[in-house]
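What follows is one structure encoded as structure tokens, with my remarks underneath.
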Amino acid sequence: MDAIKTISLTKYYGRSRGIIDMNLTVADGDFFGFIGPNGAGKSTTIRTLLGLIAPSEGSAQILGMDIIREKEAILSRVGYMPSEASFYRNARVADMIRFSASLRHRDCRAEAEVLCERLELDTSKKIRELSLGNRKKVSIICALQHMPDLCILDEPTSGLDPLMQREFYAILEERNKNGTTVFISSHILSEVQRYCRHAAVIRGGRLLISDSTEHLGHTDAKRVRIKGIASPPTLPDIKDVQTDADTVSFLYGGNPRELLQALSALPLTDVSITEPDLDEIFMHFYAEGEN
């Protein structure tokens, strides 16, 4: 059984595009990344899958159940974390966590206590006293405390410091090893490459590709920024050239030795070579020729 399966799933907001003709399959027990730039349609896909908004066309199943006819049964087995969770500002953290558990008619106290300890969350504070990162922790605990069969997490690490991000993914990896399917949306390619076994790329509401992260992230491209010159070196495999006064930036996908040799002959004053961000990869590699 697939954890998630969509067939030509489409959502329009009036005449505005949401998602278009999406055919996506996530195997049971997978650790799956759903990646794309902001506004690509990630959150729309997730909200449609969970029955929070109705599809315009197509169909989908979660854990073998239809997203329209069996929505309540689906929600009882799914842990959902929205990208921006809202809580009662004057409520205490402990009360919000208990309230979330009560909606599922489950006693989640033991697991909630473990999660609060691991994420270093002070449950005595009121929601209004929390930083963005600590509000994220509350959202994580509410999504995970009932031990769901499928975790659907939308941009979950924004606001978390690096140590908490690492602990959060450690929790997810433990759950996944015990059979939980993890579906995580993100615009941070490094997270997906590090933790996910498979991933799908969405852009402009359309699914571009779905594959193993090993194949998906293999671009060999680097973002090169040079100061002191106004144009890039004469090399093949250069894309997306950007200039600003005495600084030039470009994506380079060729032989690194050839790049270094070419740079050594230039009167540059500074250089940086970094991983390209996800938007750059979409625009210049995955999505070439896409409109």
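The values are calculated or read from the model by the stated rules, or taken from the named source; none is laboratory data. In this text the structure is predicted, and so the values were computed from the model without any measurement. All Cβ positions, even for glycine, are placed from backbone atoms using ideal geometry, and neighbour counts span all protein chains on display. Heavy atoms of the whole protein, side chains included, go into the accessibility calculation; ligands, DNA and RNA do not. Shrake-Rupley method; radii C 1.70, N 1.55, O 1.52, S 1.80 Å.
A compact table of results
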{"quantity": "Stokes-Einstein translational diffusion, the stretch 174-250 - Kirkwood Rh over all Cα pairs, 0.890 mPa s, 25 °C, in µm²/s", "calculated": "158 µm²/s"}
{"quantity": "Estimated FRET transfer efficiency (residue 53, residue 103; beta-carbon r; R0 25 Å; 0.05)", "calculated": "0.80"}
{"quantity": "Overall dimensions of the stretch 47-122 by Cα: Rg and Dmax, Å", "calculated": "15.2, 44"}
{"quantity": "Compactness of the stretch 3-76, expressed as Rg and Dmax over alpha-carbon positions, Å", "calculated": "11.9, 37"}
{"quantity": "Ellipticity estimate at 222 nm from DSSP helix runs (n ≥ 4, -39,500 (n - 2.57)) divided over the chain, nearest 500", "calculated": "-8500 deg cm²/dmol"}
{"quantity": "For the stretch 80-94, 3J(HN,Hα) per residue [Karplus equation, 6.51 cos²θ - 1.76 cosθ + 1.60, θ = phi - 60°, Hz, x = Gly/Pro]", "calculated": "10, 10, x, 5, 9, 8, 10, 10, 5, 4, 8, 7, 7, 4, 4"}
{"quantity": "Heavy atoms of residue 80 accessible to a 1.4 Å probe, total area in Å² rounded to 10", "calculated": "60 Å²"}
{"quantity": "Global form of the stretch 70-197, assessed from the alpha-carbon gyration tensor, a/c cut-off 1.5", "calculated": "oblate"}
{"quantity": "Interchain or long-range residues, amide H under 5 Å from residue 27's placed H", "calculated": "3"}
{"quantity": "Whole-number accessible area per residue in Å² for the chain, which is evaluated in the context of all protein chains at 1.4 Å", "calculated": "51 Å²"}
{"quantity": "Built amide H within the under 5 Å cut-off of residue 21, gap 5+", "calculated": "10, 11"}
{"quantity": "In Hz, Karplus ³J(HN,Hα) per residue of the stretch 131-141 (6.51, -1.76, 1.60; θ = phi - 60°; x = Gly, Pro)", "calculated": "6, 4, x, 6, 5, 4, 4, 4, 4, 4, 5"}
{"quantity": "Student exercise, the stretch 91-170 dipole from Lys, Arg, Asp, Glu Cβ charges, in Debye to nearest 20", "calculated": "300 debye"}
{"quantity": "Ranking by accessible area, most exposed first, for 114, 224 with a 1.4 Å probe", "calculated": "114, 224"}
{"quantity": "Cα-centred dipole magnitude for the stretch 19-162, charges only on beta-carbon of K, R (+1) and D, E (-1), debye, nearest 20", "calculated": "620 debye"}
{"quantity": "In the chain, lysine pairs closer than 21 Å at Cα, eight or more apart or cross-chain", "calculated": "12"}
{"quantity": "Under-5 Å amide H pairs with residue 208, H placed in peptide plane, nonlocal only", "calculated": "201, 202, 203"}
{"quantity": "Value of D in µm² per second that Stokes-Einstein yields for the chain, Kirkwood Rh from Cα pairs, at 25 °C (0.890 mPa s)", "calculated": "117 µm²/s"}
